[in-house]
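Shown next, in structure tokens, is the structure this report addresses.
The values are calculated or read from the model by the stated rules, or taken from the named source; none is laboratory data. Quick caveat: nothing in here was measured; it's all calculated off a predicted structure. Because the Cβ atoms are built from the backbone with ideal geometry, glycine has one as well, and the counts that use them run over all protein chains shown.
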């Protein structure tokens, strides 16, 4: 059964990298669990932001979705078909429907190719494999049209990447990602390497393109302001797992997971009055090593609200039941943090109300025993 | 890269002109030489350069005309230098690119092999190969070529490792580009600069290595002339007859200069970032 509305569904995604030692013969001495069981769904036309601190596995997740990293386990269902188990020929054909915008515009463009050839490359690769039919004249026309759409002058077509600034280079990268008319864009921190003033230009360009072309975005970022602006839904990652998913509005208004709360409390507020009241939650300790397998919740050592149960079992990502949440959070949690969360939550309650199913579909999911049944 | 672009690059043009003069002179040597390069002349031993005798560069300790020997030996030296570099570069680049691109076990063992070759001083390695293969001109090429293999392998592997992590490689992969596409379209063009520098260096070092081998009696066998064995035989009379060493030496110097200038020019021409600087 394929749900037409869902473009991408990721189930139980794991990417483990082997740690090898030895000079003559290499033996495996362990695994880095970069991504350790990630689930999410992306509806058509939506933009999901994956946020988290560096090293939490968000880029690896994106690369695994695009099958640029080998999956250790899990399914990546793109339009109902599992990319993870696809044979190469079929996968290569499917690749034209999802494209990547890379983080670093200095490394994502081949310095020895002209701009027009860089943008045309995806077309040429797929035309060469017979996935699409395109003559050189059509390719040239399409490239020029896209350059114009992405804010690049047609005169730039024969230039080399070193002649451009970071923002312009990122526009070239975006044009390349769009040239095949993809359904999904995987944007791996597309603005984090850019000046703040350029960031907004690029974000607006992406937003316009999304509206115009009906694109779906998997948007990786570590900047909460950027994802809040760009994404309709946000997934927060910690140590290779998603700990909370909610609509952008809801997550910012009423974060539930203690990690999300800490993360959001670090964002300065533009309103001076609210900024004065902002209380930063400072987490103790460092992110544990992803190469050590531990039972229990990955966040438990640093969690200000850890319980005994968190030591023994790992929580799973579950829909939040607003009624129960209020009680549990209010009861089991320190009064200030939990209480504020619940109050705000009530304000945003229009999304769910008493309707548990609607709530789950709007997708506020959290992986924490505070909100478990 | 067009002819016009090369014409604009004065460095490359100078290199081409120098190499062109050598090639013309060597071509000429097949049809005409001032004297017979291997005929001894006991009446004119160690004569200084002079117009009157016709020995423009003088004569050596056997009375043979040095200019004729340089012209004749140039062919041997140039063929050895070009072939040995071609052999070392082809095998070495293939090995290094393969190792760097595939990584893992291939990389591991190919580089250990290169380490073994590297652990011998290059001259010692060349002597060893010559001793095994025997003293023939062809074997000089093979010996120098083998010395070059690990050098080219290391350089191309290192360059590939640096380039292959770039996102433009990932971008090509994300569209299902084949490994050979990535190798020829993205990787090799981006490692051309260090390789060209290494080639121009190797062309010159080959001439010097050939001289060393000939000097030790393992290279081009007398009486056939090569620049290397001319230099080595000149050593004995260099103090009383400096021209016996100076002219073959100058022949080497200018050819090496020509190769290096051409290499520099090509490097600039092939790199879009440097193309418009001059």
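One residue alone among B:112, B:105 is surrounded by fewer than 16 Cβ atoms within 10 Å (Cβ to Cβ), assigned to a helix (DSSP H, G or I) and modelled with pLDDT under 85, and that residue is B:105. Can you find a residue that is closer than 26 Å to residue A:224 by Cβ, within 18 Å of the chain's Cα centre (by Cα), within 14 Å of chain B (Cβ to nearest Cβ) and in a loop (DSSP other than H, G, I, E, B) anywhere in the range A:158-174? Looking for residues that are closer than 26 Å to residue A:224 by Cβ, within 18 Å of the chain's Cα centre (by Cα), within 14 Å of chain B (Cβ to nearest Cβ) and in a loop (DSSP other than H, G, I, E, B), one finds none in the range A:158-174, hence no.
Just to be sure, is residue A:103 within 26 Å of residue A:181 (Cβ to Cβ), touching a strand residue (DSSP E or B) at 6+ places or on another chain (Cβ under 6 Å) and part of a strand (DSSP E or B)? Break it down into steps so the answer makes sense when it comes.
On the way: within 26 Å of residue A:181 (Cβ to Cβ): yes; touching a strand residue (DSSP E or B) at 6+ places or on another chain (Cβ under 6 Å): yes; part of a strand (DSSP E or B): no.
No.
In the range A:146-153, the condition of being touching a residue at least 60 places away in the same chain (Cβ under 8 Å) and either under 23 Å from the mean Cα position of the chain (by Cα) or surrounded by fewer than 19 Cβ atoms within 10 Å (Cβ to Cβ) (or both) is met by at least one residue. Taken over the range B:222-240, the residue count meeting the criterion of being in contact with a helix residue (DSSP H, G or I) (Cβ under 8 Å, 6 or more places away or on another chain) and over 25 Å from residue B:20 (Cα atoms) is 7.
Flag set for residue B:157, criterion: away from chain A (no Cβ under 14 Å), farther than 30 Å from residue A:131 by Cβ and in contact (Cβ under 8 Å) with a residue 60 or more places away in the chain.
The residues listed here are A:68, A:8; of these, the one that is within 18 Å of residue A:219 (Cβ to Cβ) and either touching a strand residue (DSSP E or B) at 6+ places or on another chain (Cβ under 6 Å) or crowded, with 18+ Cβ neighbours inside 10 Å (or both) is A:8.
Only one of B:153, B:131, B:159, B:143 is within 16 Å of the chain's Cα centre (by Cα) and either modelled with pLDDT of 90 or more or assigned to a helix (DSSP H, G or I) (or both). Can you tell me which? Quick ask: steps written out before the conclusion?
On the way: B:153 fails: within 16 Å of the chain's Cα centre (by Cα); B:131 fails: within 16 Å of the chain's Cα centre (by Cα); B:159 fails: within 16 Å of the chain's Cα centre (by Cα).
Testing whether each residue is within 16 Å of the chain's Cα centre (by Cα) and either modelled with pLDDT of 90 or more or assigned to a helix (DSSP H, G or I) (or both) leaves just B:143.
Within the range B:58-87, the set of residues being surrounded by fewer than 21 Cβ atoms within 10 Å (Cβ to Cβ) and on the phi > 0 side of the Ramachandran plot comprises B:63 only. Hey, does the range A:179-200 have a residue that's away from chain B (no Cβ under 14 Å), under 18 Å from the mean Cα position of the chain (by Cα) and in a helix (DSSP H, G or I)? Yes - at least one qualifying residue is present in the range A:179-200.
Given the criterion surrounded by 18 or more Cβ atoms within 10 Å (Cβ to Cβ) and either without any contact (Cβ under 8 Å) to a residue 40 or more places away in the chain or on the phi > 0 side of the Ramachandran plot (or both), identify the matching residue among A:204, A:252. Show your work before the answer.
Numbers: A:204 fails: surrounded by 18 or more Cβ atoms within 10 Å (Cβ to Cβ).
Step by step, each of A:204, A:252 is checked, and only A:252 is surrounded by 18 or more Cβ atoms within 10 Å (Cβ to Cβ) and either without any contact (Cβ under 8 Å) to a residue 40 or more places away in the chain or on the phi > 0 side of the Ramachandran plot (or both).
Restricting attention to the range A:47-79, the residues being on the phi > 0 side of the Ramachandran plot and within 14 Å of another protein chain (Cβ to nearest Cβ) number 1.
Any idea which of A:152, A:123, A:203 is assigned to a helix (DSSP H, G or I) and away from chain B (no Cβ under 14 Å)?
On the way: A:152 fails: assigned to a helix (DSSP H, G or I); A:123 fails: away from chain B (no Cβ under 14 Å).
When all the criteria are applied, what remains is A:203.
Out of A:40, A:78, which single residue is modelled with pLDDT of 90 or more and within 19 Å of residue A:96 (Cα to Cα)? Please lay out each step first, then the result.
Numbers: A:40 fails: within 19 Å of residue A:96 (Cα to Cα).
The conditions single out A:78.
Taking the criterion of being free of Cβ contacts under 8 Å to residues at least 60 places away in the same chain and crowded, with 21+ Cβ neighbours inside 10 Å, the residues of the range A:119-132 that qualify are A:120, A:121, A:122, A:123, A:125, A:126.
Would you confirm whether or not the range A:107-118 contains a residue that is assigned to a loop (DSSP other than H, G, I, E, B), within 23 Å of residue A:41 (Cβ to Cβ), touching a residue at least 24 places away in the same chain (Cβ under 8 Å) and within 11 Å of chain B (Cβ to nearest Cβ)? Reasoning before the result, please.
Restricting attention to the range A:107-118, the residues satisfying the condition of being assigned to a loop (DSSP other than H, G, I, E, B) are A:107-114.
Those left that are additionally within 23 Å of residue A:41 (Cβ to Cβ): none.
No.
Got a sec? Which of A:82, A:39 is away from chain B (no Cβ under 11 Å) and within 16 Å of the chain's Cα centre (by Cα)? Break it down into steps so the answer makes sense when it comes.
Values: A:82 fails: within 16 Å of the chain's Cα centre (by Cα).
Going through A:82, A:39 in turn, just one is away from chain B (no Cβ under 11 Å) and within 16 Å of the chain's Cα centre (by Cα): A:39.
So residue B:91 passes all but one of these: (1) farther than 30 Å from residue B:149 by Cα; (2) touching a residue at least 12 places away in the same chain (Cβ under 8 Å); (3) under 26 Å from the mean Cα position of the chain (by Cα). Which condition number does it fail? Tallying (1) farther than 30 Å from residue B:149 by Cα; (2) touching a residue at least 12 places away in the same chain (Cβ under 8 Å); (3) under 26 Å from the mean Cα position of the chain (by Cα), residue B:91 fails exactly one: (1). At least 1 residues being more than 14 Å from chain A (Cβ to nearest Cβ) is the threshold, and among the helices (runs of 4 or more DSSP H) wholly inside the range B:166-234 those reaching it are B:188-215, B:227-234.
I'd like to know if the range B:32-44 contains one or more residues that are surrounded by 12 or more Cβ atoms within 10 Å (Cβ to Cβ), under 22 Å from the mean Cα position of the chain (by Cα) and touching a residue at least 12 places away in the same chain (Cβ under 8 Å). No, the range B:32-44 contains no residue that is surrounded by 12 or more Cβ atoms within 10 Å (Cβ to Cβ), under 22 Å from the mean Cα position of the chain (by Cα) and touching a residue at least 12 places away in the same chain (Cβ under 8 Å).
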